[in-house]
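Read through the structure below, which is laid out as structure tokens, and then see the notes.
The values are calculated or read from the model by the stated rules, or taken from the named source; none is laboratory data. Remember, it's a predicted structure, so these values are computed and weren't measured experimentally. Note: ideal-geometry Cβ built from the backbone for every residue, glycine included; neighbour counts use all protein chains shown. The area values use the complete protein model at the heavy-atom level, side chains included, leaving out ligands, DNA and RNA. Shrake-Rupley method; radii C 1.70, N 1.55, O 1.52, S 1.80 Å.
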Amino acid sequence: QSTPATVLRVSAIPDEAPTELQRKFKPLGEYLQKATGLPVQFTPVTDYAAVVEGLATNKIDLAWLGGFTFVQARKRTDGGAVPIVQRAEDAVFTSKFIVPADSTAKTLKDLKGATFAFGAPSSTSGSLMPRYFLMQDGINPERDFKTVAFSGAHDATVAFVASGRAEAGVLNASVWDKLVEQKNPNALKVRVLATTPTYYDYNWTVRPGLDPAITRKLTEAFLALDPANPAHKEILGLQRASRFIPTQASNYDGIEAAGKSAGLIK
Amino acid sequence: MNPAAGFSPETSASLRDPLARRRLTLLVLALVLLWPALHVAQFRPAALFDANSLRVMGGFLAGFVPPSTDSEFLKLLGRATLETLAMATAGMALAFVLAVPLSLVVTRSLSVSRIGPGPGRWPAAAVRAAARSLLMVLRACPEVVWALLFVRAFGLGPAAGVLALAITYGGMLGKVYSEILESVDTRPARALLEAGSGRLAALGYGLLPAAAQELASYTVYRWECAVRASVVMGFVGAGGLGQLMDQSMKMLNGGEASSILIVFLLLVLLADGVSMLLRKVLA
Amino acid sequence: MSARDATLPAQPKPCVPCLLVWAGLVAAVVASFAWLSLDLRTLFSAESLASMGRFIREFFPPDLSASFLARTAEGMLQTLAVSALGTLLAFGSGALLALPAAGRWGALTRAGARFFLNLLRSVPELVWGVLTVLLVGLGPFAGVLALALHTAGVLGRLFAEALENAPPAPERALREAGAAAAPAFAYGCLPLVWPQWLAYGLYRWEMNIRMAAALGFVGAGGLGQMLYFHLSLFQQAQAATVIAAMFVLVAAVDGASARLRRALVPAHA
Amino acid sequence: MLDLRGLRLVHPNGQRALDGVSLHVKRGERLAVIGPSGAGKTTLLRIAGTSLRPNTGDVQVLGEAPWGLAARQLRTLRARIGTIHQAAPIPPRLRVVSAVLAGRLGRWGTWRALASLAHPADAAGAHAALARLDLGDRLFDRCDRLSGGQLQRVGIARVLYQAPDLILADEPVSALDPTSADAALRALVAQCEGTGVTLVASLHALDLALRWFDRIVGMREGRIEFDLPREQVTQAMLQQLYAGDPLLPIQPPVDADSALDGEARAPVLMCR
Amino acid sequence: MLDLRGLRLVHPNGQRALDGVSLHVKRGERLAVIGPSGAGKTTLLRIAGTSLRPNTGDVQVLGEAPWGLAARQLRTLRARIGTIHQAAPIPPRLRVVSAVLAGRLGRWGTWRALASLAHPADAAGAHAALARLDLGDRLFDRCDRLSGGQLQRVGIARVLYQAPDLILADEPVSALDPTSADAALRALVAQCEGTGVTLVASLHALDLALRWFDRIVGMREGRIEFDLPREQVTQAMLQQLYAGDPLLPIQPPVDADSALDGEARAPVLMCR
Ligand SMILES: Nc1ncnc2c1ncn2[C@@H]1O[C@H](COP(=O)(O)OP(=O)(O)OP(=O)(O)O)[C@@H](O)[C@H]1O
Ligand SMILES: Nc1ncnc2c1ncn2[C@@H]1O[C@H](COP(=O)(O)OP(=O)(O)OP(=O)(O)O)[C@@H](O)[C@H]1O
Ligand SMILES: [Mg+2]
Ligand SMILES: [Mg+2]
């Protein structure tokens, strides 16, 4: 049921602070507005489920989703949600396990009995994939860690570990790199203990039933972003992307399998 | 009229406090229940005085001064404050509309059928019980769940958050209103009901003169809670102070946090002022 | 009938400031709705109702498998313990702070106590949580402290206002018979405000059961963290079980409160 | 008018308040209930006022059996009964005028009632009722600024303003000096005289009971000891009723009608 | 004992309650204040009880000037004054035993007082005081389960238990039947007899005032109209005091001492 679009409603999963998301999106939003001819309205939220609910009930047209969130959205829309593009980096994404700089831990196994911070429960890189890889290493988070906490966002995880509230944590490589680049004071107090193997992560997804013409315009606009163009370079820089590439739903089957084996998808 | 009567053996038995045993049992029971609770909650006050954590805490609190006065942030803060005030006010207005009829139904001191008891006692008791459970469901269901429900109707934005707030707060207000109305002197209302007056009239002439101040101050207090509770709003994209605070705390940004805390404190003082004013007006 | 009764006394003037206060309140409400441009009519459109209906249906049937029930029970226990202890600590300290805050020891202590109470409660539980975790580490005890600190501010204020609203005659009569402050309070005022205090305390406990939920991130686990987790993963069946467990706790406290209050209300009520 | 048969009432704490009481009062009768403290007078009046339901026994008030009525009719019936309570049940912060106007709540619509809180709907009516008790000048005062006797008179004024068909007065003049008490009873009696309104009062002041009431009912420990026209009540009976210490000699009854002369015969504003 | 000079009191709403009242009461005297409703009796007693401070005028109670005392001494002074209020100021939920024991709060330590709330410290003492008012069997009942007269007697029992040096009673028997009223006054008088305790009471029942009190003070509109030994109070004076309607003939006074014969002479348990 396609409603005649008058506004392009966009949202993003809250894997970072909502103000940060809003800042990052601003130039991209203006660019998309020009490309589609529709006014763009961005609503930052702090709950993953709210984004998926929005997509599933046609209250959002375009959303920035994590891999795992996409899998959930796809399940909730019976395959109706379609990923259009992803960053080149998202095809080979990783997560970083961090510990305080003065920690004595050398491998993941040394973390048994520690307090551990994930990001949000439905984050791909902050919860699902690290959990999957931990289990493959023979560590069951609920059983082997003393306390499991959910910080809610990647940068918050760093703050948790830096302040000593948690003895170890995990976050996605992209945010970690950004924090290191920005010389974030919290990032200076922690070090990376381990890095996960690569997996597919974030993408831009459109809701089921969105006007195909708009979908096409959006896809083309993303793909047209060129690092050589200074205006585009700013947008890409904020998105922490070298460029956008097309993607498809089947790229995320692996994540669905991981989710099932970690018991997060029933 | 025999002053010596108090000392016959028969009355000396009547001098034993009939409640003593029950009070003792309750005390022992409470102590017995407290122990496992302390255990489950890992209650160890000694941890409060651990030198190391006091240092960490001190360092963190040191970050609270000076409050952040970054103009970008202050603009954000100003906008969030306005949004929060508007959402809290709108949410409370809706909650009030929801709570008042329900609390009137639930309040026992306004029940005509309890006099006697008279006709319609059982239906009335059933309606009261039903309304009471409804109030309980309204407030026991977490705000997030309501918010996610209303996102389906309103999409992302303040509407869903305001409604979620209104529903849960409606449940709380309704319960507390009825409890206040039951705990003031209910004889005047009862006398009016016995003289054939209606519920609302009995409320106005019998209960409100005694309860209005307390009702008002509780309502203002709830409004103040609504201001703080705007975290929920953030879930569904309505922003506000609560969300800003949440974020600053998670990032351990002391300066921002203390700026927001100052705003909270000012709002609480404002609420106190309004409460005082209302109580004066109602006196 | 004497002369002074013959004529109707002049009607006192209506209180203008009062009217202004009421008008201000109404204006604030109208302005809020206008500014947020809330349109509640969408709520009742057929599409919204159907969509919300589907959302609700997803919660049924709840997950009643033995292993999940066991986990829920564990969560209930922790939530119950954390909220009960937090509320108990807050009840005690709130009662102590309410006495100065109700102006019993002069205007200065009143202002001081009120400010302190305002400070305690203007910091949300979640923020206290962050601080207490730094102080005592991740774990339920941090949750207890966070709840206690905020709730003490809340109860202190509510208690103080109940005190100020109570009829003063019985306590005054005792003071005038030479009773010291504490006993006069215990015999003349406490029996009057006690049911109200108790109601507020129990009701705050109920709120803290819900709040202990939000405190999941300090490691105060319990039902709250479970609910957040399962809702995030769209595991509505499990979420439904957790919500049901919260209902049970809230209903238990609500029922206990109703029973206690019934025993305490006067016979004429 | 009032027909009570075999009333028995035991309070939840085991106090036996009424133990087989039957009473029949005709239209326009004026009856005084006397008896020692704790005899059950208040309880009896509350049952007659349909505010308490006996454990056993038949109740007929104003020709209807209240406990068989539907809620709506019971309300109408109650609006026709005016009760003066032993301690005036008036919230301290209410204004005198509202406290008096509250007498007609049973007949006013809800809106009228609520609007009258903000702006008195019938200040003149309330004033007239208060003036009959020498209290007209306190119309707009707050009830907590009245003396004990003044507050009690506000409670009487409420019932005068209510203009019911049956007045139940539970020690209506206990806080009043002899003259005011007499004046208040005169106002009550004037309300009833000639309009067929029935008056049942419990009284501790025997002189007043014998002066203003045609019929005297003596109660003791939840039972009726005697129920006689005032002329037949003897000193010995009263002695027996309050058994114990020798009683003060009682006043010879004064004819109530002759006492109703002069200004007290002023137009009865309230009667329907 | 009690020395009031030139008292004047205007309430904040402009009601002139006292308008130049002077009164001197000696140790062991028994004085009744009478007068119409609103005359200022309650106000006068409250000033004597140091609970109200006059706008102008000198107050001396039990040999001390209360408004010049330090807080601690004022408290000690107040513990020596027992007040019976017009409406017993007792929280409805309190138990009778605690309500009576509250009389000694001025002399008990804080801990003893608080502990007594959980477990009565002196149930026997409270029982004895109640028994003197024929209410011993309601010791552990809650105050809201009492009849009007019973509650009033609890208020009297509190003061009997307090055993003060000065008793101020504001219409102490207004809710009691003649016999109970008489018995209650007898108990109060017995408390005072021979121990030098002073009793000042306001009363509406003239017969009781003339029966039990040596000295009668008539008040009207905030002033003292007369202040005489009871023998000198004439019917005309009373007429004048309650001016207006013709007054009922008053009882010839009975000698209070002769009324104190028999069982009423039983040991006075409370007096110090
Ligand atoms: N709510 C109640 N619960 C328990 N017992 C009660 C209650 N109300 C009254 N009683 C008891 O019932 C008996 C009769 O009470 P009632 O009030 O009818 O007496 P009364 O004749 O009006 O006395 P008084 O002259 O003192 O007002 C008394 O012993 C009283 O203690
Ligand atoms: N708190 C108050 N505020 C204003 N006026 C008051 C207050 N208390 C009493 N008054 C007024 O002062 C006057 C004297 O009151 P007081 O209570 O002393 O009378 P009283 O002689 O005890 O009368 P009663 O026999 O009716 O109890 C009355 O006119 C009364 O209305
Ligand atoms: Mg009675
Ligand atoms: Mg008085």
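Tell me which residues, restricted to segment E:131-145, are open to solvent by 20 Å² or more (accessible area, probe 1.4 Å) and assigned to a helix (DSSP H, G or I).
Of everything in segment E:131-145, those that are open to solvent by 20 Å² or more (accessible area, probe 1.4 Å) and assigned to a helix (DSSP H, G or I) turn out to be E:D137, E:D144, E:R145.
Please go through segment E:146-175 and give me each residue that is out of contact with any Leu (no Cβ under 7 Å at 6 or more places or on another chain), open to solvent by 10 Å² or more (accessible area, probe 1.4 Å) and more than 16 Å from ligand 4 (Cβ to nearest atom), ordered by number.
E:L146, E:S147, E:G148, E:L151, E:R158
Would you point out which residue out of D:R223, D:R215, D:R230 is within 16 Å of ligand 1 (Cβ to nearest atom) and either more than 23 Å from D:G155 (Cβ to Cβ) or open to solvent by less than 10 Å² (accessible area, probe 1.4 Å) (or both)?
D:R223
I need every pair where a residue in segment D:37-54 that is at positive phi has its Cβ under 9 Å from the Cβ of a residue that is open to solvent by less than 20 Å² (accessible area, probe 1.4 Å) and within 8 Å of ligand 3 (Cβ to nearest atom), sequence separation at least 6 or different chains.
Going by the 9 Å Cβ cut-off, the qualifying pairs are D:G38/E:G149.
Looking only at segment D:66-77, decide whether some residue is within 22 Å of D:Q152 (Cα to Cα), buried (at least 22 other Cβ atoms within 10 Å of the Cβ), more than 14 Å from chain E (Cβ to nearest Cβ) and away from ligand 1 (no atom under 16 Å from the Cβ).
No, because not a single residue in segment D:66-77 is within 22 Å of D:Q152 (Cα to Cα), buried (at least 22 other Cβ atoms within 10 Å of the Cβ), more than 14 Å from chain E (Cβ to nearest Cβ) and away from ligand 1 (no atom under 16 Å from the Cβ).
What is the one condition in (1) within 16 Å of ligand 4 (Cβ to nearest atom); (2) surrounded by fewer than 23 Cβ atoms within 10 Å (Cβ to Cβ); (3) of a type outside the set (K, R); (4) within 14 Å of chain C (Cβ to nearest Cβ) that E:H85 does not satisfy?
Every condition holds for E:H85 apart from (2).
Kindly indicate whether B:A129 is free of Cβ contacts under 8 Å to residues at least 40 places away in the same chain, open to solvent by 20 Å² or more (accessible area, probe 1.4 Å) and at the interface with chain D (Cβ under 9 Å from one of its Cβ atoms).
no
From the list A:T43, A:T77, A:T104, A:T57, which one is without any contact (Cβ under 8 Å) to a residue 24 or more places away in the chain and touching a Lys or Arg at 6+ places or on another chain (Cβ under 9 Å)?
Of A:T43, A:T77, A:T104, A:T57, the one residue that is without any contact (Cβ under 8 Å) to a residue 24 or more places away in the chain and touching a Lys or Arg at 6+ places or on another chain (Cβ under 9 Å) is A:T57.
Have a look at A:D137, A:D211, A:D177, A:D201 and point out the one that is in contact with an Asp or Glu (Cβ under 8 Å, 6 or more places away or on another chain) and either in contact (Cβ under 8 Å) with a residue 12 or more places away in the chain or of a type outside the set (F, W, Y) (or both).
A:D201
Given A:A231, A:A249, which one is open to solvent by 30 Å² or more (accessible area, probe 1.4 Å) and over 17 Å from the mean Cα position of the chain (by Cα)? Full working, then the answer.
On the way: A:A249 fails: over 17 Å from the mean Cα position of the chain (by Cα).
Going through A:A231, A:A249 in turn, just one is open to solvent by 30 Å² or more (accessible area, probe 1.4 Å) and over 17 Å from the mean Cα position of the chain (by Cα): A:A231.
Given the criterion open to solvent by less than 10 Å² (accessible area, probe 1.4 Å) and more than 14 Å from chain D (Cβ to nearest Cβ), identify the matching residue among B:R228, B:R222.
Numbers: B:R228 fails: open to solvent by less than 10 Å² (accessible area, probe 1.4 Å).
None of the others qualify; the one that does is B:R222.
In this structure, does E:S180 turn out to be away from ligand 2 (no atom under 16 Å from the Cβ), within 19 Å of D:M219 (Cβ to Cβ), buried (at least 24 other Cβ atoms within 10 Å of the Cβ) and more than 12 Å from the chain's Cα centre (by Cα)?
So E:S180 fits the description; yes.
Considering every residue within segment E:54-73, establish whether at least one is among the hydrophobic types (A, V, I, L, M, F, W, C), at pLDDT 90 or above and within 13 Å of ligand 2 (Cβ to nearest atom).
No: zero hits.
Could you tell me whether segment C:77-89 includes any residue that is assigned by TED's automatic domain parsing to the domain that holds C:L190 and loosely packed, with under 15 Cβ neighbours inside 10 Å?
No, every residue in segment C:77-89 fails to be assigned by TED's automatic domain parsing to the domain that holds C:L190 and loosely packed, with under 15 Cβ neighbours inside 10 Å.
For residues that are part of a loop (DSSP other than H, G, I, E, B) and within 9 Å of chain C (Cβ to nearest Cβ), scanning just segment E:92-130, find the one that is most open to solvent (accessible area, probe 1.4 Å). Working first, answer last.
Here is the first cut: in segment E:92-130, the residues part of a loop (DSSP other than H, G, I, E, B) are E:92-94, E:105-109, E:119-122.
From what's left, within 9 Å of chain C (Cβ to nearest Cβ): E:92-94, E:105-109.
Working: E:P92: 29, E:R93: 34, E:L94: 11, E:L105: 0, E:G106: 18, E:R107: 105, E:W108: 21, E:G109: 42 Å².
Checked segment E:92-130; the qualifying residue most open to solvent (accessible area, probe 1.4 Å) is E:R107.
Please find, among B:A271, B:A212, the residue that is closer than 24 Å to D:P92 by Cα, surrounded by 21 or more Cβ atoms within 10 Å (Cβ to Cβ) and in contact (Cβ under 8 Å) with a residue 12 or more places away in the chain.
On the way: B:A271 fails: closer than 24 Å to D:P92 by Cα.
The match here is B:A212.
In segment D:41-53, how many residues are more than 10 Å from chain B (Cβ to nearest Cβ) and either over 12 Å from D:L18 (Cα atoms) or touching a helix residue (DSSP H, G or I) at 6+ places or on another chain (Cβ under 7 Å) (or both)?
Residues flagged as more than 10 Å from chain B (Cβ to nearest Cβ) and either over 12 Å from D:L18 (Cα atoms) or touching a helix residue (DSSP H, G or I) at 6+ places or on another chain (Cβ under 7 Å) (or both) within segment D:41-53 amount to 2.
Tell me, please, whether a residue that is in contact (Cβ under 8 Å) with a residue 40 or more places away in the chain, within 9 Å of another protein chain (Cβ to nearest Cβ) and part of a helix (DSSP H, G or I) can be found in segment B:49-72.
yes
With the condition kept exactly as written, say whether any residue in segment C:121-131 is more than 14 Å from chain E (Cβ to nearest Cβ) and under 30 Å from B:L207 (Cβ atoms).
Yes, segment C:121-131 has at least one match.
Only one of B:A90, B:A124, B:A95, B:A86 is over 18 Å from the mean Cα position of the chain (by Cα) and within 18 Å of C:D39 (Cα to Cα); which?
Unique residue meeting the criteria: B:A86.
Report yes if some residue within segment D:101-124 is over 27 Å from B:R199 (Cβ atoms) and more than 16 Å from ligand 2 (Cβ to nearest atom); otherwise report no.
Kept after step one, since they are over 27 Å from B:R199 (Cβ atoms), are these residues of segment D:101-124: D:124.
Checking which are more than 16 Å from ligand 2 (Cβ to nearest atom) leaves us with D:124.
Yes, segment D:101-124 has at least one match.
Give me the residue from segment D:11-44 that is within 22 Å of D:A79 (Cβ to Cβ) and either among the acidic types (D, E) or within 8 Å of ligand 1 (Cβ to nearest atom) (or both) and, out of that set, surrounded by the fewest Cβ atoms within 10 Å (Cβ to Cβ).
Step by step, filter segment D:11-44, then rank; the result is D:E29.
Being more than 28 Å from A:E53 (Cβ to Cβ) and in a helix (DSSP H, G or I) is the requirement here; does B:A226 meet it?
Considered against the rule, which asks whether it is more than 28 Å from A:E53 (Cβ to Cβ) and in a helix (DSSP H, G or I), B:A226 comes out as no.
Could you check how many residues of segment E:140-172 are within 16 Å of ligand 2 (Cβ to nearest atom) and either at positive phi or more than 9 Å from chain D (Cβ to nearest Cβ) (or both)?
Matching residues across segment E:140-172 total 5.
Among the residues that make up segment D:173-192, is at least one of them acidic (D, E) and either more than 7 Å from every other protein chain (Cβ to nearest Cβ) or over 16 Å from E:P36 (Cβ atoms) (or both)?
Of all residues in segment D:173-192, those acidic (D, E) come to D:177, D:182.
Now restrict to residues that are either more than 7 Å from every other protein chain (Cβ to nearest Cβ) or over 16 Å from E:P36 (Cβ atoms) (or both): none.
No, every residue in segment D:173-192 fails to be acidic (D, E) and either more than 7 Å from every other protein chain (Cβ to nearest Cβ) or over 16 Å from E:P36 (Cβ atoms) (or both).
Find the residue count for segment C:139-183, including only residues that are within 14 Å of chain E (Cβ to nearest Cβ), open to solvent by less than 20 Å² (accessible area, probe 1.4 Å), part of a helix (DSSP H, G or I) and touching a residue at least 24 places away in the same chain (Cβ under 8 Å).
Of the residues in that region, 2 qualify.
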